[in-house]
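Any read-out appearing in this document is the output of simple, stated calculations on the displayed coordinates, not a laboratory observation. Computed from a prediction, not measured in an experiment: that's the story for all the values here. With ideal geometry, Cβ positions are generated from the backbone for all residues, glycine too; neighbour counts draw on all protein chains shown.
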Amino acid sequence: MKVSIVVTHLLGTGHLARALTLARAFVAGGHSATVISGGMHAPHLDGEGVEQVQLPPLRSDGADFAQLLDQSGHIAGDAIFSARSAILAEHVQTAQPDVLITELFPFGRRTLTAEFVALLEAAHRLPRRPLICASIRDILAPPSKPAKADRTDDLIERFYDTVLVHADADVTPLSLSWPVSDRLVGKLHYTGYVAPPPPLPHPGRLGQSEIIVSAGGGDVGAKVFDTCLAAAKRDPKRRWRLLLGGRDAATKSARLMRTAPANITIEPARPDFRQMLYHAAASVSLCGYNTALDVLQSGVRAVFIPFDAGNEVEQGLRADALAELTGIAVLRNAELTPDALLGALDRVVSDSPRAPRTTGFDGAIETVRWTETMRKAMQ
């Protein structure tokens, strides 16, 4: 099968990371996969073996997803949206994929509705239309008004064959964060969580006994890093490693390292981050989908500080569910101080070890299997 996955990450890079994981699973299953990305370039992510098409990139203005910025930080104008729509429609007409997957849309990315609808209409005009799937994570940003959920149902009914929910229905059913209507429920298919295969421990045992601080690959987490830096200065007996994300991570980390105490390392986000977690004393991070799975797969003790700017609730719901496990604590941004963080770290470090979780992460393989089955049924 020829598979096209369309994704636009606007703040962090989790959406793109998940799309690339799905694409690699299709390639491993003997299919060809293309990821069409509409967010900013994320060089630290693993795209090996996957063809990638870059749209003129967009990002959010902080947590304001209604106003989108271009690569230069200016408000995106009509020309960039028209160019994106044209590239998407041309891709479908040229590639003629057997499977078309839109990541998050139509459950989110409503500011990009015009380009997604252009894509979907082009797909439906093909002589042999593709299987069309929506791909969503475990927990969504709940719709602020019932009308938004109704519009989502309308788009699913009009364009889509199935909705791939990358979660365990017994742990985080979609209904926890989204009103599942009678029209929608019949199209849901739970795949399990989408995660890369568990990494081997780091060959150089990098991260050994460190407090590893991360905030994904985007421009978020400034308060977390500032608080961790202050906490690390009060905690000279432990080693701390801060992994900065964002467009100017190298410049920021180099500047901060010039005045950092000896027990602190500050550097840009790195591709061997997951391997380092096996050796860490604890992880301090936001609670995005991919980071949460990294913590579960590695078994590392963790303090989650869920992203909650702009009334975001997704990460808080996820963090509260995970805090039922041994060695995991949650600290809200409103409570985040150096002392509160050090207290939370002391609690999780003193907890009993938690074994790495080895099951429930085969959502990418199940996505390949399910789409193969549905595609054959269309023939």
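Here the contact order of the chain, divided by its residue count and restricted to Cα pairs under 8 Å and six or more residues apart, works out to 15 percent. Annotation for region 85-148: GluC sites (Glu not before Pro) lying in DSSP loop with at most 14 further Cβ atoms inside 10 Å of their Cβ do not exist.
Of the residues 287, 133, the one with the fewest other Cβ atoms within 10 Å heads the list, and the complete ranking is 133, 287. Can you give the % of DSSP beta bridges in the chain that are antiparallel, to the nearest 5? Counting only bridges with both partners in the chain, antiparallel ones make up about 10 percent. In the frame of its principal axes, the chain has Cα extents of 66, 43, 42 Å, reported largest first. Over all directions, the projected convex hull of the C-alpha atoms in region 18-163 averages 9.4 nm² in area. Legend: distances between Cα atoms for 145/187; 2/145; 187/223; pairs beyond 32 Å are 2/145; 187/223. For residue 239, the residues whose modelled amide H falls within less than 5 Å of its own, excluding neighbours fewer than 5 places apart on the same chain, are 211.
In terms of Cα to Cα distance under 18 Å, which aspartates and glutamates are near enough to residue 233, apart from those fewer than 8 places away along the same chain? Reachable aspartates and glutamates: 210, 267, 339, 346. Within a straight-line Cα-Cα reach of under 20 Å, residue 376 can be paired with the following aspartates and glutamates, leaving aside sequence neighbours fewer than 8 residues apart in one chain: 98, 161, 366. Pairs of Cα atoms nearer than 8 Å and 6+ residues apart set the relative contact order; for region 1-104 it is 33 percent. In region 231-372, the ratio of gyration radius to Kirkwood radius, Rg to Rh, stands at 0.99 when only Cα atoms are counted.
Restricting the trypsin sites (Lys or Arg not before Pro) of region 126-211 to loop positions (DSSP other than H, G, I, E, B) with no more than 13 neighbouring Cβ atoms within 10 Å leaves 128, 205. Normalised by 2.2 N^0.38 Å, where N is the number of residues, the alpha-carbon radius of gyration of region 69-145 equals 1.22.
3J(HN,Hα) couplings calculated from phi for region 113-118 with the Karplus curve 6.51 cos²θ - 1.76 cosθ + 1.60 (θ = phi - 60°) are, in sequence order, 4, 4, 6, 5, 5, 4 Hz; Gly and Pro show x. Given a cut-off of under 8 Å on Cα pairs at least six residues apart, what relative contact order in percent is computed for region 210-350? With pairs under 8 Å counted, the relative contact order is 24 percent.
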